[in-house]
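Comments concern the structure below.
The values are calculated or read from the model by the stated rules, or taken from the named source; none is laboratory data. As the structure is a computational prediction, the values presented were derived from the model and not from experiment. Using ideal geometry, Cβ is built from the backbone for each residue, glycine included, and neighbour counts are taken over all protein chains shown. Calculation scope for accessible area: heavy atoms of the full protein, side chains included, ligands and nucleic acids excluded. Shrake-Rupley method; radii C 1.70, N 1.55, O 1.52, S 1.80 Å.
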Amino acid sequence: MDLIIALVAAAVLAVCLRPLLMRHASIAYVAVVAVDLLFLSGALGNVLPDLQRELLPFLRKGLLPYALFALVMYLGVLPEASRVRRLLMPVRGQLSIVAALLAACHVGSYAPVYLGVALKGFGSAEATTVAALCLAAVVLCLLVVLSVTSFATVRRRMSGSVWRAVQKLAYPFFALATLHAIVLLLPASATRPNAALSVSLYVGLLLCYAILRIARWASNTYGNRAASGRSADGGQKQSCVLP
């Protein structure tokens with residue numbers, strides 16, 4: 001249920017932030033960093049304990065940033081005429097940076113736990129914990145690369161082909177981030193219905209995205225070939241009637 005709420009909240013947040021991200025994205029980034037610092041330092045809990053308690057599962061567990069990343073990924077496979085795509089595609093890069101900055105709450109909350117496991121050695125750790133830690137390390141590396149290259153100032157310094165190649169890392173990032181969540185939830189899913197539902201939602205999100213991604217690739221590839229063929233035929237027919 002928390003993941004569903006996070007997905008809805010991510011969509012609402014994206015729409016609300018759109019004007020600010022279009023004109024003054026840096027202000028939004030500073031505000032998100034402030035939220036990170038307040039949350040991780042515990043200052044938010046001291047001032048607004050009720051708000052801290054409500055935000056805890058969405059920030060500490062990384063649900064909200066994951067939902068924003070899912071939205072960013074799905075924007076790339078929605079139909080061109082989709083109203084959602086046309087509305088949010090101009091701020092897709094900015095949304096990914098907001099999601100990455102919010103992910104600091106999750107990373108900062110769990111880094112001490114994983115660091116403790118690593119320092120003690122993996123011999124006594126459960127297999128799911130080791131797998132989640134390995135996945136988290138890869139996901140974090142990909143997140144840093146994708147986030148840095150999403151900034152407009154960095155993007156302008158890169159060639160178009162290199163930037164596009166780097167951004168393709170978003171596919172394994174999204175897949176591995178989803179797998180990381182699934183691995184963490186699998187042990188509890190056998191006895192807790194909510195955990196089983198969350199696993200199903202994560203699997204469904206990833207499979208649905210993969211289907212849409214493949215469909216869009218097929219449409220772009222074979223649709224363009226068909227259009228080129230029709231254009232070539234049309235050009236030949238036109239040349240036949242010229243004097």
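Quick notes on this one:
- Checked against the criteria, L169 counts as under 20 Å from the mean Cα position of the chain (by Cα) and farther than 22 Å from A34 by Cα.
- Tally of residues being open to solvent by 50 Å² or more (accessible area, probe 1.4 Å) and assigned to a helix (DSSP H, G or I) across the stretch 173-200: 8
- In the stretch 62-97, residue modelled with the highest pLDDT [restricted to those that are outside any helix (DSSP H, G or I) and over 17 Å from F174 (Cβ atoms)]: S82
- Some residue of the stretch 116-130 being among the hydroxyl-bearing types (S, T, Y), in a helix (DSSP H, G or I) and in contact with a helix residue (DSSP H, G or I) (Cβ under 8 Å, 6 or more places away or on another chain): yes
- In the stretch 163-172, the residues that are of a type in the set (A, V, I, L, M) and surrounded by fewer than 12 Cβ atoms within 10 Å (Cβ to Cβ): A165
- Check on A100, part of a helix (DSSP H, G or I), small (G, A, S), without any contact (Cβ under 8 Å) to a residue 60 or more places away in the chain and over 19 Å from Y29 (Cβ atoms): no
- Tally, over the stretch 38-61, of residues that are assigned to a helix (DSSP H, G or I), open to solvent by 40 Å² or more (accessible area, probe 1.4 Å), farther than 20 Å from L7 by Cβ and of a type in the set (A, V, I, L, M, F, W, C): 4
- Filtering the stretch 113-129 for residues that are surrounded by 12 or more Cβ atoms within 10 Å (Cβ to Cβ) and either of a type in the set (S, T, N, Q) or in contact with an Asp or Glu (Cβ under 7 Å, 6 or more places away or on another chain) (or both) leaves a non-empty set.
- Among the conditions (1) under 23 Å from A9 (Cβ atoms); (2) of a type outside the set (S, T, Y); (3) open to solvent by less than 40 Å² (accessible area, probe 1.4 Å), the only one that L135 does not satisfy is (1).
- Restricting attention to the stretch 201-219, the residues that are more than 17 Å from the chain's Cα centre (by Cα) and open to solvent by less than 70 Å² (accessible area, probe 1.4 Å) total 3.
- If only residues of the stretch 66-112 that are hydroxyl-bearing (S, T, Y) and within 24 Å of V199 (Cα to Cα) are counted, the one that is surrounded by the most Cβ atoms within 10 Å (Cβ to Cβ) is Y66.
- Flag if V35 is modelled with pLDDT under 95, of a type in the set (V, I, T) and part of a helix (DSSP H, G or I): yes
- Residue among R225, R164 that alone is modelled with pLDDT of 85 or more, charged (D, E, K, R) and assigned to a helix (DSSP H, G or I): R164
- When the residues of the stretch 139-161 are filtered to those that are among the basic types (K, R) and part of a helix (DSSP H, G or I), the one that is most open to solvent (accessible area, probe 1.4 Å) is R156.
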